[in-house]
1. Could you grab me the full set of residues in the stretch 39-53 that are outside any loop (DSSP other than H, G, I, E, B), in contact with a strand residue (DSSP E or B) (Cβ under 8 Å, 6 or more places away or on another chain) and open to solvent by less than 100 Å² (accessible area, probe 1.4 Å)?
2. Starting from residues that are of a type in the set (Lys, Arg) and assigned to a loop (DSSP other than H, G, I, E, B), keep the ones in the stretch 70-106 and report whichever is nearest to Leu164 (Cα to Cα).
3. Those residues that are under 29 Å from Leu24 (Cα atoms) and not in a helix (DSSP H, G or I), I need them from the stretch 125-169; list them, please.
4. With the requirement that a residue be of a type in the set (Phe, Trp, Tyr) and open to solvent by less than 10 Å² (accessible area, probe 1.4 Å), what does the stretch 54-81 give you?
5. Among the numbered criteria (1) under 23 Å from Phe116 (Cα atoms); (2) touching a residue at least 24 places away in the same chain (Cβ under 8 Å); (3) part of a loop (DSSP other than H, G, I, E, B), which one does Leu36 miss?
6. Name the single residue, out of those in the stretch 97-127 being open to solvent by 70 Å² or more (accessible area, probe 1.4 Å) and not polar (S, T, N, Q), that is nearest to Gly71 (Cα to Cα).
7. Residues being open to solvent by 70 Å² or more (accessible area, probe 1.4 Å) and either touching a helix residue (DSSP H, G or I) at 6+ places or on another chain (Cβ under 6 Å) or among the charged types (D, E, K, R) (or both): count how many of those fall in the stretch 15-38.
8. Please enumerate the residues belonging to the stretch 1-23 that are basic (Lys, Arg) and at negative phi.
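The values are calculated or read from the model by the stated rules, or taken from the named source; none is laboratory data. Please read all numbers here as calculations on a predicted model, not as lab measurements. Cβ placement follows ideal geometry from the backbone for every residue including glycine, while neighbour counts extend to all protein chains displayed. Note: areas computed on protein heavy atoms with side chains; ligands, DNA, RNA excluded. Shrake-Rupley method; radii C 1.70, N 1.55, O 1.52, S 1.80 Å.
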Amino acid sequence: MKRKYANRADWPRILSKRYEQQRLDHAGFHGYITLLWLDRVKQPLEVEVQRVRRCVADDGYVWMQLFPDGGRHTLTIMLDRKLQVRQWYYDVAREVGLSSDGIPYWDDMYLDVVCFLPYEPVLIDQDDLDAALGEGVISKKDYEETCREAEALLQSVKDGTNPLIRVGLEQVEAMAAGRK
């Protein structure tokens, strides 16, 4: 398991970036929202999900991440230069918190849910979770809790009840409106 930080201070792909974060407490969401402006990257990042290839990180892209208080997952919304959603990416976490420096983090539990559209989720990296259990990196309890969280997450995304989707869409729309 690896602790990851919202500011991506250790991501060598990024040559130049800007980072912002704010606390948000309103209807159904209490936590932090961060923006990582990818001003310049070494090379674009393309991913493939269900035989669809898509660029999710390039010069001028923005990653918005939502960190719910006490949550067991985070949501990263990957936006292109025009602030169009390229991908929704949920990281299942053991813990979501705030570092002593005030930067949001998550303890990554390997299992992820990816959506090119908000309501078409795909579970990925089950093999990474299985390997972590097999190698003794995580406990059986961690494994079972992660699988339960991922299943609940998948269901909430499919049925449209995951609150991070609504909050994320509101924030993206507010960002886009501010650009006009």
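1. Selection gives Asp39, Val41, Leu45, Glu46, Val47, Val49.
2. Arg72
3. Asp159, Gly160, Thr161, Asn162
4. If the condition is that a residue be of a type in the set (Phe, Trp, Tyr) and open to solvent by less than 10 Å² (accessible area, probe 1.4 Å), then Phe67 is the only one that fits.
5. Leu36 satisfies all of (1) under 23 Å from Phe116 (Cα atoms); (2) touching a residue at least 24 places away in the same chain (Cβ under 8 Å); (3) part of a loop (DSSP other than H, G, I, E, B) except (3).
6. Residue satisfying both the conditions and the ranking: Leu98.
7. 5
8. Within the stretch 1-23, Lys2, Arg3, Lys4, Arg13, Lys17, Arg18, Arg23 qualify.
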